[in-house]
1. Name the long-range amide H neighbours of A:Thr126: under 5 Å, sequence gap of 5 or more, or other chain; modelled H, no Pro or chain starts.
2. Where the convex hull is taken over the Cα atoms of the protein assembly as shown, what is its projected area averaged over directions, in nm²?
3. Note the full-extension length gain between A:Thr36 and A:Phe81 as 0.36 nm times their separation in residues minus their Cα-Cα distance, in nm to one decimal.
4. If I fit a long axis through the Cα atoms of helix B:261-294 and take the longest principal axis of the Cα atoms of chain B, what angle between them do I get, 0 to 90°, rounded to 10?
5. What pairs in A:Lys92/A:Lys165; B:Lys194/B:Lys214; A:Lys92/B:Lys269; A:Lys89/B:Lys35 have C-alpha atoms more than 23 Å from each other?
6. Could you tell me how many degrees, from 0 to 90 and to the nearest 10, lie between the Cα long axis of helix A:3-43 and the main elongation axis, the longest principal axis, of the Cα atoms of chain A?
7. Quick one: if you stick a label point 7 Å off each Cα along the C-beta vector at B:Asp201 and A:Thr51, how many nm between them?
8. Output the 0 to 90 degree angle, nearest 10, between the alpha-carbon long axis of helix B:111-128 and the longest principal axis computed from the alpha carbons of chain B.
Amino acid sequence: MFIAPIMFEKFKWFLIHFEETLCAILFALMAIVTFTNVLTRYLFHYSLAFTEELVVSFFVWVTLLGGAIAFRERAHLGFSFIIQRLSLKSQKFFIWFSASLSIFLFLILIYFSIRQIMEEIVLAITSSGIGIPQWWYTIGVPLWSILVILRLIQGARIAQRQLEKL
Amino acid sequence: MEVSFFLFGLFFLLLFLGVPIAISAGISAIFFLWKFNLGIQIISPNFFANIAKFPLLAIPFFILAGFIMDRVGLSRRLVNLLHLLIGPVPGGLGLVAVCGCVLFGAISGTGPADTAAIGAVMIPAMVKRGYDIAFSSALVASAATTDVLIPPSVAFVVYGVITETSISGLFAAGVIPGLIMGLALILPVYIISKKNGWGGDRWGTKKEIWQAFKEAFWGLMAPIIILGGIYGGIFTPTEAAVVAVFYGFLVGLLIYRNLSWQILYEVLKDAAVSTSVVMMVVAFAGIFAWTGSTLGIMEKGAQALLNLSQNPFFILLFLNIILLIAGMLMDAISIYYIFLPILLPVIKYFSWDPMWFGVMMTVNLAIGTVTPPVALNLYVAANLANISMERISRAAIPFVLALISALLIITYFPSLSLWLPRLFGLY
């Protein structure tokens with residue numbers, strides 16, 4: 001009978017750390033594929049150059065997934081010198097001002113990346129190296145941007161709560 | 001002139017209102033893309049293409065390599081060896097910190113990572129031996145600025161990609177300027193420490209030194225593999241970076257035997273977050289630069305700069321001042337994307353060497369990591385030492401002055417940067 005709460009806890013951990021796990025796996029894959037490529041080229045004089053597109057596309061995915069984590073941890077670079085000297089109420093306002101602009105930017109990115117994907121499907125564009133449909137790579141942009149927006153909201157709420165504690 | 005004012009004006013307005021740099025650049029870019037009907041839809045393919053470049057892959061891999069080498073205990077072993085070799089002279093532990101940062105800089109690719117790795121070991125050690133805590137943490141942060149110049153360097157990878165300059169060449173060009181910056185720090189360390197009677201414990205015995213050398217040996221091999229591989233013509237910088245990742249992984253797994261799945265997972269996650277912070281700027285500031293260039297704003301900016309004066313020495317001094325100020329407000333990567341499109345026509349006009357200019361610009365931006373209000377290295381060191389930004393900033397003043405004198409030497413003697421690339425035939 002204790003299984004249910006434990007499973008719920010696990011599920012909660014998974015919800016919070018979902019992109020961390022995915023990000024770590026993709027990053028490890030990037031390193032392994034690139035390293036294998038170096039090995040095969042120098043040891044067997046056989047180039048796996050077609051895998052390059054896989055690695056650079058995962059790089060885009062990892063940027064968005066890691067970016068989502070960074071928004072939750074508020075690790076993105078910025079200039080908070082002026083804002084930090086304002087009243088608590090204004091600080092709260094600017095947390096949400098910044099979050100809204102960020103969400104707006106990623107919504108625009110989602111909208112146009114979906115249009116790009118639809119075009120790629122209609123024109124049946126395939127990748128130059130492996131020859132798989134290009135949109136298999138592009139789909140990462142809107143998908144992980146949604147996650148970025150969720151973490152943006154979460155990060156802003158955490159920052160607001162920290163302000164209220166002061 | 002009006003339009004250019006607004007594109008940059010909107011960017012700086014958002015920046016000062018606390019919006020992250022990447023978002024400020026992205027929002028001002030799409031606003032102008034929309035206003036001037038340049039086709040806002042380019043945001044999607046540009047975002048993808050700005051990141052998906054093979055040379056840029058050196059960034060995540062060098063960050064990951066540095067994080068792994070730190071976690072398996074390499075920075076601690078390097079510092080141990082240095083301590084036995086130079087510890088007891090006046091300011092000895094300070095010198096250990098400087099040399100440690102320079103040496104670890106040959107493994108790690110960013111200043112904040114170097115600050116964290118060496119600072120975690122050196123700041124407590126220095127405080128224990130009686131050094132002032134603000135002095136110690138400001139010193140580590142300042143010495144870690146050399147990491148940006150000492151190869152491998154994330155900043156040079158980005159500069160190389162934007163200006164289409166050889167990254168291997170830039171790596172070679174950074175070595176001597178990086179060492180000059182390290183040397184420049186020794187003087188204030190020596191004077192301040194001597195005045196306060198700060199030193200080290202005792203000289204290491206031959207046996208101790210040999211033992212420490214054996215422990216640090218595998219770490220000292222890493223830069224030889226990375227740089228030897230690049231300059232032996234065996235690896236591209238990206239390949240060298242991924243080789244360094246697996247080298248660090250194997251050293252941790254087989255020799256130091258302290259690498260667990262848990263640590264590997266944490267290192268991958270932390271390195272991914274650090275990478276993303278850089279790459280988000282690359283993606284959106286890249287769109288900003290594209291927008292500015294398409295609107296012809298960047299050329300107008302260059303023209304305005306040349307109208308100011310035709311004297312290259314004056315323009316150089318002026319650029320140094322502008323870049324130092326920019327470095328107080330932003331990180332290096334953003335500054336490359338936002339300022340280089342304006343500066344490239346100027347570089348061409350005076351027929352300056354882009355490799356030397358890259359080194360000069362990067363030294364400016366490296367100093368920017370220890371000049372508040374935006375001072376990444378100081379921020380990391382202040383957090384490690386648990387002291388206020390005000391305190392660490394005040395303690396950093398003598399070091400910043402020393403670094404600026406190094407900057408002037410590097411700016412006005414281009415051969416210091418270009419000698420090594422010429423030697424390797426990369427120039």
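1. A:Gln134
2. For the protein assembly as shown, the mean projected area of the Cα convex hull comes to 30.1 nm².
3. Roughly 11.7 nm would be gained on extension.
4. 30 degrees
5. B:Lys194/B:Lys214; A:Lys92/B:Lys269; A:Lys89/B:Lys35
6. Value to nearest ten degrees: 40.
7. Once both label points are built, they end up 4.6 nm from each other.
8. Tilt of helix B:111-128: around 30 degrees.
The values are calculated or read from the model by the stated rules, or taken from the named source; none is laboratory data. Here the structure is a predicted model, which is why all the values come from computation and not from measurement. Positions of Cβ are generated from backbone atoms using ideal geometry, with glycine treated the same way; all protein chains shown enter the neighbour counts. For the accessible areas, the whole protein counts, side chains as well, though only heavy atoms, and no ligand, DNA or RNA atoms are used. Shrake-Rupley method; radii C 1.70, N 1.55, O 1.52, S 1.80 Å.
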